[in-house]
Every structure is written in structure tokens, then in C-alpha cells.
Amino acid sequence: MRIDVLTLFPEMFEGVFSQSILKRAQNKGHLELFTHNIRDYSKDKHHRVDDYPFGGGPGMVMMVEPIADCINDLKSQRHYDAVIFTAPDGQTFNQSKANQLSLYQNMIILCGHYKGVDERVRELFVTEEISIGDYVLSGGEIAAMAIVDAVARVIPGVLNDETSALSDSFQDGLLSAPVYTRPANYQGHCVPDVLLSGNERLINDWKLEKQLERTKARRPDLL
Ligand code: SAH
């Protein structure tokens, strides 16, 4: 999969895209990540990318032309399955959306900033709008990172243990069971005996029971 992120702040992605699972996904050839500075597409001599809103009101609006030129440039090189805009008024992101996006070959993620982007960008270019929750961020960059990360970990082959992503919270509609590692006894706080029993059937039963218990207590809406 190839993901092209359009942003005014490409440097924000450097750390996140070059560490941990995202680094591994790229090294293994499962994922290609590119960032594009929308400012590079400004034809204005001061490289302006935003302007005052028509009709007045606070804040600046990202202009249609640099974004359109950037998207058209990318589209002239390959087909894109989706042009995603990060937006607080978009569809709320969840695991099933991440799974769905992981099936795409190429996608663009556009990060807004300031008051947002000129509505014509959304009308003419954007195919999906995604919010990462009911709160307002300063820009779409952190939302784009969350989307890329969640999508990357469900691309087959990215995680070492193939079943690992499948046993995460939400994948089977349940929250994850609690996990423990050494020491088995931490200052009198012991790991549940069943996990040390070596009996796979009992362990699986226990995990499912804990998943149900936890989901019922914390997220009954999922059941
Ligand atoms: N005026 C807009 C908010 C602009 S915030 C409104 O009230 O809807 C600036 C940019 O940050 C947005 O264009 C969007 O790209 C991004 N952003 C802010 N909150 C977000 C969220 N919850 N999910 C995804 N993107 C968000």
C-alpha cells in the first residue's frame, strides 16, 4: 500500500513514520509513506496557502489551488482508491474503517489546518472524510498519523505474529483480555493461575470470559 499525506507541516511526520511498526512495515515492503508540502504547490510569490474567509469571520482558510494542484499531480502518476480528508465533522474513525482502508492500494490523506480547507476541495476532490473523535485538533496531522498507524498494523504481514492484530480490542467486537508478563508474583500481586497452567483450552476460555466481562463493564454498547 502507498499513502501520500498532504500537509503544511511534513516535519511533524518524521518521527512517527520512521519508528516502530511503521518503520517495519516500510522496511518489509508492505507500506510506502510519502509526505508532500502543500506550500510547494503555491504559485503565490510568498508561497501563501491560506487566505481570509469570504463573508468574514475568524481564522484563515486553506486555498483550493495549491491543494488541487498537489492532488492532480499525484493523480497523474497513479490511480488512487481514496482521497481522505481529516475533518472533525467526518465519519468517526474506528477499527472496521481501518480494516477497510487497509485493502486499498493507494490513498491520499489531506490534513487541514487553521479554519479548515475551502469547501470546494471537499466537493471536488475528497472521497471520504474521517474524524478521529469529537474534539477539535489544531490540524489534521495527528489524525492522519492515527489513521496511518491503525491501517498499517492490519495489513497482512506487518505484525510478526499474524494473529496479533486479530486479538486486539474491537477486532472481534470485544475489548482485549488483560495481559501479564514476568514476574509471576509482583510484591504479592500474582498473575492468574490459569495463565501459568499450560492448558490452552482453559486459557482460551479464561481470555474469552475476561473479554466479555470487560466489554460488558466498559463498553456495553459493543455487545
Ligand atoms: N473549523 C473546523 C475545525 C478546523 S481545525 C470545524 O469547526 O470543523 C483544523 C483542521 O484540523 C481541520 O481542517 C482538520 O483537518 C483537522 N482536525 C481537527 N479536528 C479533527 C478531528 N477530530 N479529526 C480529524 N481531523 C481534525
Of everything in the stretch 30-61, what is open to solvent by 50 Å² or more (accessible area, probe 1.4 Å) and in a loop (DSSP other than H, G, I, E, B)? Give them in sequence order. 30, 43, 44, 45, 46, 47, 48, 52, 54, 55, 57, 58
For residue 90, state whether it is within 15 Å of the ligand (Cβ to nearest atom) and over 30 Å from residue 22 (Cα atoms). no
Scanning the stretch 118-145 for residues that are in a strand (DSSP E or B) and within 6 Å of the ligand (Cβ to nearest atom), the one nearest to residue 80 (Cα to Cα) turns out to be 131
Filter the stretch 143-167 for residues that are out of contact with any Leu (no Cβ under 7 Å at 6 or more places or on another chain), of a type in the set (A, V, I, L, M, F, W, C) and free of Cβ contacts under 8 Å to residues at least 40 places away in the same chain and give the result. 166
Could you list, in sequence order, the residues of the stretch 172-223 that are open to solvent by 50 Å² or more (accessible area, probe 1.4 Å), part of a loop (DSSP other than H, G, I, E, B) and of a type outside the set (D, E, K, R)? 179, 180, 181, 183, 187, 188, 197, 198, 199, 223
Could you grab me the full set of residues in the stretch 103-116 that are outside any strand (DSSP E or B), buried (at least 18 other Cβ atoms within 10 Å of the Cβ) and either touching a residue at least 60 places away in the same chain (Cβ under 8 Å) or more than 14 Å from the ligand (Cβ to nearest atom) (or both)? 111
If you go through the stretch 127-141 one residue at a time, do you hit one that is open to solvent by 50 Å² or more (accessible area, probe 1.4 Å) and at pLDDT below 95? no
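The values are calculated or read from the model by the stated rules, or taken from the named source; none is laboratory data. The structure displayed is predicted, hence computed values, not measured ones. Positions of Cβ are backbone-derived with ideal geometry, glycine not excepted, and every protein chain shown enters the neighbour counts. Each accessible area value is taken on the protein alone, full model and side chains, heavy atoms only, with ligands, DNA and RNA left out. Shrake-Rupley method; radii C 1.70, N 1.55, O 1.52, S 1.80 Å.
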